[in-house]
Amino acid sequence: MPLGWQLLAGAPDAAGFLSRVPFAAALSEHPIAAHAVGEVTGQVLEALGDEAPDLAILFVTGHHLQAMGDAGEVVRRLLRPDALIGCTAVSVLANAREVEETPGVVLWAGRFGPVHAVNIGPDGHVEAPPFEPSALLLLADPFGFPAETAFAGLAERWPGLPVVGGMASAARGPGGNRLLLDERVLLTGAVGVFLGPGIEVETVVSQGCRPVGRPFTVTSAEENVVRELAGQPAMVRLKELADDELTHEEVDVVNRGGLHVGRVIDERKLDFGRGDFRVLNVLGANEAEGWIAVAEPVALGDTLQFHLRDADSADDDLRAMLTGKRAESALVFTCNGRGRALFDIGDHDALVVDDYLGPLPAAGMFCAGEFGAVGGRNFVHGFTASIALLREAGSFEG
């Protein structure tokens, strides 16, 4: 096995050999794109057998950006998938490994039933598949893609349809990323695949935060500026929290930029817990005027609660979200602010997925924004691990 190469295709059987299953994932760290693509394609082909997969997904780091078209051609010619999508990213992951900011190529493939590939342009219009979809896997360029418009249109046509995926992260400006849709290489917009009835998809969105203090009703706000919480300036509420309830370590988290605000998604609920909040970044504050600015507009009557994010919270939340879950494969879209930048160790999210679900074929990328459903609604998240848990329909019945 070449140095830096990894493949997983199912779990070991009683004899200790990997059984052939409908999913496979491979990773290569070879610095030459042709070698890396050849390695992952050959090994996925060996794992899946001669029958062509329904879907293949290719993730490559920016080191191989110029080879995206050739890489896609190799995958299409050798694997012959019904649909192929791909994306460039600052870092990639597969199975229990994360390759951060060094050359990496990841290929995932599955054979499970009908799929329908789509290209979503600047207007956010999405072409309907010829079947009732179970989920939409979506890869997008972060510069100009109207995610919220597209999500609203999807919710109107297919209420409750989960969208899982993320924004390309290999470039810091427009035109620097690459998206792959079958034989086409695109510079903008989004590429996606509707999954059909042959596969069951369960989504996990770990926002990596823990709530602190108590919920407050917004009593004064303008757009994304929260002026009052339960009749007091927002900064007064934050100071009360820091003085009365937070430990010195938690205050340090606030001072290091770990303060966030969770907005309740379903106001009909009486009690709120994990999964009930849409976590928003705090963009700024004014102590003299008492306001706090958050990443999205809020309205009078919204319920907000302060949240903290640090390595321990992110680790605990991901483990809690994966506890009791079952899958045959996983697609993992983690924020480019996680990895070593958050946890001070490598492979964190990939290892946690492997510990709780594996060994199983897992693949994904580090994103400039992650797509996932919280409270039945799809959002663009930050600092999140958004995971699609995949299994053939009926595979875990009984």
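The requirement of being on the phi > 0 side of the Ramachandran plot, in contact (Cβ under 8 Å) with a residue 60 or more places away in the chain and open to solvent by 10 Å² or more (accessible area, probe 1.4 Å) is satisfied by Gly113. Restricting the first member to the stretch 222-251 and to residues that are farther than 19 Å from Pro297 by Cα, and the second to residues that are of a type in the set (Asp, Glu) and open to solvent by less than 40 Å² (accessible area, probe 1.4 Å), the beta-carbon pairs closer than 9 Å and six or more apart or on different chains are Ala242/Glu250; Glu249/Asp310; Glu250/Asp310. Within the stretch 296-318, not a single residue is within 30 Å of Glu392 (Cα to Cα), open to solvent by 30 Å² or more (accessible area, probe 1.4 Å), outside any loop (DSSP other than H, G, I, E, B) and touching a strand residue (DSSP E or B) at 6+ places or on another chain (Cβ under 6 Å).
The residues of the stretch 127-150 that are open to solvent by 10 Å² or more (accessible area, probe 1.4 Å) and in contact (Cβ under 8 Å) with a residue 60 or more places away in the chain, listed by number, are Pro129, Phe131, Glu132, Pro133, Ser134, Pro142, Glu148. Figure legend. Inter-residue proximity from the stretch 187-199: first residues farther than 11 Å from Ser134 by Cβ and part of a loop (DSSP other than H, G, I, E, B), second residues charged (D, E, K, R) and open to solvent by less than 10 Å² (accessible area, probe 1.4 Å), beta-carbon distance below 6 Å, spacing 6+ or different chains. Indicated pairs: Thr188/Asp141.
Condition (residue is within 30 Å of Glu228 (Cα to Cα), more than 16 Å from the chain's Cα centre (by Cα) and among the small types (Gly, Ala, Ser)) applied to the stretch 345-357: is it met by at least one residue? There is no residue in the stretch 345-357 that is within 30 Å of Glu228 (Cα to Cα), more than 16 Å from the chain's Cα centre (by Cα) and among the small types (Gly, Ala, Ser).
What about Leu360, is it closer than 19 Å to Gln207 by Cβ, touching a strand residue (DSSP E or B) at 6+ places or on another chain (Cβ under 9 Å) and not polar (S, T, N, Q)? The answer is no for Leu360. Among residues of the stretch 283-295 being open to solvent by less than 40 Å² (accessible area, probe 1.4 Å) and touching a residue at least 12 places away in the same chain (Cβ under 8 Å), the one that is nearest to the chain's Cα centre (by Cα) is Val294. Among the residues of the stretch 133-165, those identified as under 22 Å from Asn177 (Cα atoms) and part of a loop (DSSP other than H, G, I, E, B) are Asp141, Pro142, Phe143, Gly144, Phe145, Pro146.
The values are calculated or read from the model by the stated rules, or taken from the named source; none is laboratory data. Please read these numbers as outputs of a predicted model, since none were measured by experiment. Reconstructed Cβ throughout: ideal geometry from the backbone, glycine too, with neighbour counts over all protein chains shown. To get the accessible areas, we keep the full protein, side chains included, count just its heavy atoms, and leave off ligands, DNA and RNA. Shrake-Rupley method; radii C 1.70, N 1.55, O 1.52, S 1.80 Å.
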